[in-house]
Structure formats: C-alpha cells, structure tokens
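Worksheet: one structure, shown below.
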Amino acid sequence: MKLKDIGTIVTGNTPSKKNNEYYESNDILFVKPSDIEENYITSIEKSEEYISEKAREKARILPEGAVLVTCIGTIGKVGILKQEATCNQQINAIIPNDKVISKYLAYLIQSRQKILQLKANAPVVPIINKTDFSEIEINICDIEQQKQIVRHLDLLKSIIDKRKVQIDELQNIVKSQFVEMFGSVELNDKNFEEQEISSIADISSSKRIYANEYQENGVPFYRSKEIIELGHNKKPSIELFISAKRFEEIKERYGIPKRGDILITAVGTIGETWIVDTDNPFYYKDGNVLQIRLNTNISQIYFKYVLDILISIFKSKNVSGSAYAALTIEKFKKMKIILPPIGLQNQFAEIVKQIDKQKFEIENSLKEMQELYESLMEKYFG
C-alpha cells in the first residue's frame, strides 16, 4: 500500500500577495512550515499568517483532520489541522479516507521521516515532490488497532512532556535561587567583590593535534561535540583517538586536563561546559575548547553557573549575523566575575546538588520513556 491509497494528497499554494484583499482579515489559517514544530506532532489551531474569505477560491482549502507534512526545506515535520485551513506550497497535505485515522497517520508519517529525507536529495534546497510523496510505501492495521496504538503513543508522549516540564521547573528554581542570593551578575547590584577571570583561574587550550595523528583507537580525542555530550551527562560518541605515545608526550611536556578542571566550548556552539569528572586519559581539540583551572577558593558549581550567565551576556553582545564571535582566551580572561563570600557560594552549591539529584532521577525516567516510545514506534511502524 502507498500513501496515495489512504487519502487525497494536496500540495498547498499561496494566493497572490499582490492582492491585498486576500490578506485583509484573519478568516482562514494559512499554514507554513514555521507553524509546525520539529520532532512533535503539532495540533494546528493557529498560524502566523491568515487569508481572508475573498482568497478562498484561490487557495486549496483543507478540512479539519488533514495531516500536513513539510516537503521543502526542513523535511518531515508533521501537524494535524484542528480546523479548516490552507497551506503554502512547501507542505503536502493528506486528507485521510476511511482506512486511517488522522493521529495514526501522523505517527506513521513521523516514523518515515528518514525515508522522506533520503528522497529529498536536491543539491541546494531539500524537496520531495507530490508524486514521490504519494508513492511512499506503508502498511496499516485496522481502525480499532490504530486507535489502540494512538492511545499507547499519546500516553507515552504525555509522560515524556510532563518529565520535560518537571526538568524545566527545577532549572527555574535554581535560577530564582541564584538571583535571590546573588542578584544580577552583570550589574552586581549586591556589591560583591569583582575580579577578572584571569585573576582566579588559569586559562589555556590544548596543543595542536594534526589530522594525520588521528588513530582508529587509543586515547579519546574530544571536540566540542563530545564536550557538549559529557556536559549533559551523556556518553560521548567518540570518533577520534590519538596514540598513547603522543598522549604521554603531551602529558610530560605540557600537562593534561585533570579532575575538577572545567572545559568550555569556544567556537560554534559557545559556552557549553563540562567539569572533568574522570581520571581516565583523554585529550581535546585546540581552539574549539578552553580549559579552566581555578586557582583560588571558589565553588566549582557556583563558578560554572556564573559562567553560563557570562557566556549568555557575551553572546548577546558578540553576535554577527546568525553566528557568534569565537570565545578567545584573551576575551575570556577579561570577563569579570562577582565573588560572594565562599560560605554563600557553598550554600548555593548545596541547593544545586539537591536539585541535580532530583533532575538526575527525572532525566533517567525521561530517557526510559523515550526509549520505550522509540521501541514502540519501531514495533508499530518499522
């Protein structure tokens, strides 16, 4: 069976922008890819743009329950119309027939996202046309089974969403505690001692490792990607290694990161941090990552939290187009940090530790639910 066998497929269009009357009132939803979320089946009840009743005959009107799929640019985002609407030409819509229910179809399409992306192989802008979209092979079960599958997946998604909200709430508690205890980092409105980072920490980067020195195994070599994963308590997807001999040379001549040092990404995704929590050997990429070793009596947890705020301020002041300026060692050294009494820092650190324990439990539960969801998606649609 193919997609075209379970419904009518419609490619959207855009009523002429030259006719102002078509856009003079918010009568009919005009859905574009930006109205549909990634990695989530969007219930579409509103849109950024609308058309008027005068444009109805120029648009391709879709009924409530139509399943919308982005097929130009970002491929495979899925939404379900909760009311009559139309969409632009970047979206293919499926109006389901009596063989399938909308939510089941949306889950099915979501499970085929990688197939859609492979078919959209244009060199510049990814695109999957209506014909190719219509010909995608699918298997469906009877309506009662579809309803049961949707109930299972909806329940899991609601638990996953709840866990994410709980994590956000815990993070907000930490933020409010920080502001209550220390005020504004930028304004220093509680008049704490203030120093440049260079006066409280040694800042460095690694020695250059060239591409011809990479090995298939040996001592792990971390780039920004792996530092980000480690900072989020994830197992790093190690892809590069250096020889044990080269590592020992570097260790002997220049030194290596040790437990308690802080590594921070400095190019691309700036400001992701990892407090080194291992004695296992590893090395990291120069320029992309900075190494911080505190040389004074300051709480690591407090410092890391303030660092996140300082990086946010840095990014807001150093954006160029869609990219951030690189965080160089010199720029980093000159950043100023407020230094409350160590007792207050430690008090904050204890609060963070307690909240992190709760977060860890919820994150584990979230991971389990996500893995169960993915396994069920594979079972039902694989």
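Every read-out reported here was derived from the displayed coordinates using simple, explicitly stated rules and does not represent laboratory data. Here the structure is a predicted model, which is why all the values come from computation and not from measurement. For neighbour counting, all protein chains shown are included, and Cβ atoms are generated from backbone atoms with ideal geometry for every residue, glycine included.
So the values come out like this:
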{"read-out": "Gyration tensor (alpha-carbon) shape descriptor, region 161-277, a/c threshold 1.5", "value": "oblate"}
{"read-out": "Packing-based exposure ordering (other Cβ within 10 Å, fewest first) of 40, 22, 302", "value": "40, 22, 302"}
{"read-out": "Directionally averaged projected area (convex hull, Cα atoms, the chain), nm²", "value": "24.2"}
{"read-out": "Three-way shape label, region 193-339, alpha-carbon gyration tensor, a/c 1.5", "value": "prolate"}
{"read-out": "Which listed pairs, of 234/317; 157/234; 190/234, have C-alpha distances above 26 Å, in listed order", "value": "234/317; 190/234"}
{"read-out": "Dipole in debye (nearest 20) - region 23-146, about Cα centre, beta carbon charges: Lys, Arg +1; Asp, Glu -1", "value": "340"}
{"read-out": "Relative contact order [Cα under 8 Å, 6+ residues apart], the chain, whole percent", "value": "15"}
{"read-out": "Charged-residue dipole, Cβ positions (Lys, Arg, Asp, Glu), region 193-339 about Cα centre, Debye nearest 20", "value": "220"}
{"read-out": "Cα lying deepest toward the dipole's positive end in region 193-339, options 264, 310, 278, charges on Cβ", "value": "310"}
{"read-out": "The chain, dipole about Cα centre (Lys/Arg Cβ +1, Asp/Glu Cβ -1), debye to the nearest 20", "value": "640"}
{"read-out": "Neighbour-count order for 112, 293, fewest beta carbons within 10 angstrom listed first", "value": "293, 112"}
{"read-out": "Positive-end residue of 80, 90, 121, charge dipole of region 3-140 with Cβ unit charges", "value": "121"}
{"read-out": "Least to most buried among 151, 56 (fewest other Cβ within 10 Å first)", "value": "151, 56"}
{"read-out": "Anisotropy class of region 75-159 from Cα gyration tensor, a/c 1.5 cut", "value": "prolate"}
{"read-out": "Built amide H within the under 5 Å cut-off of residue 42, gap 5+", "value": "37, 78, 79, 80"}
{"read-out": "At R0 = 22 Å, FRET efficiency that the Cβ-Cβ distance of residue 155 and residue 84 yields, to 0.05", "value": "0.15"}
{"read-out": "Theoretical gain in end-to-end length, residue 275 to residue 354 [0.36 nm per residue, Cα-Cα removed]", "value": "26.7 nm"}
{"read-out": "Long-range tail of P(r) for region 49-197 (Cα pairs > 21 Å, %)", "value": "63"}
{"read-out": "Dipole-positive endmost among 23, 9, 47 within region 3-140 (Cβ charges, Cα centre)", "value": "9"}
{"read-out": "Isotropically averaged projected area of region 124-192, using the convex hull of Cα atoms (one quarter of hull area), nm²", "value": "10.4"}
